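What follows is a single structure, written as structure tokens, with notes after it.
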Amino acid sequence: MPARALLVLLGLTYPLWVWWGLRHWGADVVAAGLFALALLRLVVERDPAKRRGTSATAAATGILALCAFLFDSSEALLLYPVFMNGFLLVLFASSLAAGRVPVVERLARLKEPELPAQGVRWCRGVTRVWCVFFTANGGTALATVILGDPDLWALWNGCLSYAAMGLLFAGEFVARTIVMRRRKAS
């Protein structure tokens, strides 16, 4: 669906278009665009299973946009990556509760429905690692807001945090591949 693809693209490039928009238009115009993005998220999401998460992120987005607009505050717009990391932290951490299936295990079962016990343990550990990552990444995102340097904020939140996420994802994939091959060989 084109609207869903646009939302993903806008979400991923958020730091860059906010950085550019604040330099050229100001907080009120960027806030209006962010508010429109929040509404579009709600309209586009039709899957009931995803509706709750979409509503939560849209609400956080809308609140930040409203604060930015009402108080002409660019800082409110810069907090979006902090909120998103917090949302993902809560999502991953809550999946570790007793009786719940960790997020990483749910994803792994898409490829391998009959996941062996060691795979289940691995997925639980990886979910914990992602929780640490979202804590550190959210803290770093907050530090870039506090430091007040928009270029540093855009660099971290629009580039370096994605690189760190990619490295973690790739590193886990390589480690899992090696561990699983060794276990199959023994």
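The values are calculated or read from the model by the stated rules, or taken from the named source; none is laboratory data. As the structure is a computational prediction, the values presented were derived from the model and not from experiment. A quick note on method: Cβ atoms are made from the backbone with ideal geometry, for glycine too, and the neighbour counts reach across all protein chains shown. The area values use the complete protein model at the heavy-atom level, side chains included, leaving out ligands, DNA and RNA. Shrake-Rupley method; radii C 1.70, N 1.55, O 1.52, S 1.80 Å.
Things to note:
- Neighbour net charge for S55 - beta-carbon separation under 10 angstrom, K R +1, D E -1: +3
- Paramagnetic label zone (point 7 Å from Cα along Cα-to-C-beta, I63; backbone N under 17 Å) in region 126-153: 142
- Loop-located trypsin sites (Lys or Arg not before Pro) in region 71-140, at most 12 other Cβ atoms within 10 Å (DSSP): R100
- Heavy-atom accessible area per residue - the chain, 1.4 Å, Å²: 59 Å²
- Each Cα pair under 8 Å and six or more residues apart adds its sequence gap; the mean of these over the residue count of region 1-145 is a relative contact order of 21 percent.
- Loop-resident sites, region 91-186, for GluC sites (Glu not before Pro), counting at most 15 other Cβ within 10 Å (DSSP): E114
- I146 - accessible surface, heavy atoms, 1.4 Å probe, Å² rounded to 10: 130 Å²
- Expressed as a whole percent, the accessible area of the chain that falls on carbon and sulfur atoms is 71 (1.4 Å probe).
- With the whole protein complex present, D149 retains an accessible surface near 60 Å², based on a 1.4 Å probe.
- Environment charge of R46, counting only residues whose C-beta is closer than 15 Å and scoring Lys/Arg +1, Asp/Glu -1: +3
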